[in-house]
Amino acid sequence: MTALATSRKQPPAIAPRGLLQDIAFSFVSVSCWLAINCLAAAGVMLGFFALMANLSVDQFFAETANLSNHYLAADGARRSEFAEILLYLFGGLVLFFCITRRAALLANASTPKGDMSND
């Protein structure tokens, strides 16, 4: 037998990916992308709060204590209104980061099957 004939009989070194692997890869990619966007939004909110405290550690904790005292003294309706405002702010920031970072998600999806990307 020639070397060419023996190489034809060997199974491929890399098995083709299945549908389940593609779904799992997509799920992990989207989850990581969304987690990064949520962390960025939380960081922006924390950054704004630190700026309100003039970037001073003592002032930051004083503002945090003041906010928590007012939150605990408020009735249920005002607490829910404050939580709703924070939720809308966080959701808006996540939406902003999702829109601005959509290229990072689409670049990962456009990689041909079997190829590796170093992005």
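The numbers here are math on the coordinates, done by the rules we state, and not lab data. Worth saying up front: this structure is predicted, and the values here are computed from it rather than measured. Positions of Cβ are generated from backbone atoms using ideal geometry, with glycine treated the same way; all protein chains shown enter the neighbour counts.
Points to keep in mind about this one:
- Value of relative contact order over region 29-109, rounded to a whole percent, pairs C-alpha under 8 Å and six or more apart: 54
- Packing-based ranking of 71-79, 87-95 yields 87-95, 71-79, ordered from highest to lowest mean Cβ neighbour count within 10 Å.
- Counting 0.36 nm for each residue step from F90 to S68 and taking away their Cα separation leaves a gain of 6.1 nm.
- Whether region 29-109 is rounded, prolate or oblate, judged on the alpha carbon gyration tensor where a/c under 1.5 counts as rounded: oblate
- Each peptide among 56-67, 30-41 gets the average number of other Cβ atoms lying within 10 Å of its residues, and from highest to lowest they stand as 30-41, 56-67.
- Theoretical FRET efficiency, 1/(1+(r/R0)^6), r = Cβ-Cβ of D75 and M45, R0 22 Å, to 0.05: 0.35
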